[in-house]
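Here the structure comes first, spelled out in structure tokens, and everything after it is commentary.
Derivation of every value follows stated rules applied to the coordinates shown; laboratory data play no part. Because the structure is a prediction, the values reported are computed rather than measured. Methodologically, a virtual Cβ is constructed for each residue, glycine included, from the backbone with ideal geometry; neighbour enumeration extends over all protein chains shown.
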Amino acid sequence: MSTVTSLETVSANIRRELAARNWTQSELAKRAGMPQPRISEVLGCRFDPSLKKLERIAKAFGITVSALLMPVQEENS
């Protein structure tokens, strides 16, 4: 079983939400009121966002912060 950090979990969940909406990082940044490079840093696990920033990202997606923090369920092959 692999260990996934919370930052990796947040990054994976943001990527999933971006894909589900067919949004770019720039689109998310605009909707969340954040600079696009900051979104890129979160996705690259180079920046651990504050709760306030997670709230802005979640609000942009129309989801809860807990949805961003929930571990991604891996499918068994």
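Taking each DSSP H run with n ≥ 4 as -39500 (n - 2.57) and averaging over every residue of the chain yields -18000 deg cm²/dmol at 222 nm.
Among residues other than Val65 with Cβ under 11 Å from its Cβ, the summed charge is +3 (Lys and Arg +1, Asp and Glu -1).
Loop-located trypsin sites (Lys or Arg not before Pro) in region 25-65 (DSSP state other than H, G, I, E, B) with a sparse environment of at most 16 neighbouring Cβ atoms within 10 Å: Arg46.
Backbone N atoms of region 20-59 closer than 12 Å to the 7 Å Cα→Cβ label point of Leu7 belong to residues 41-50.
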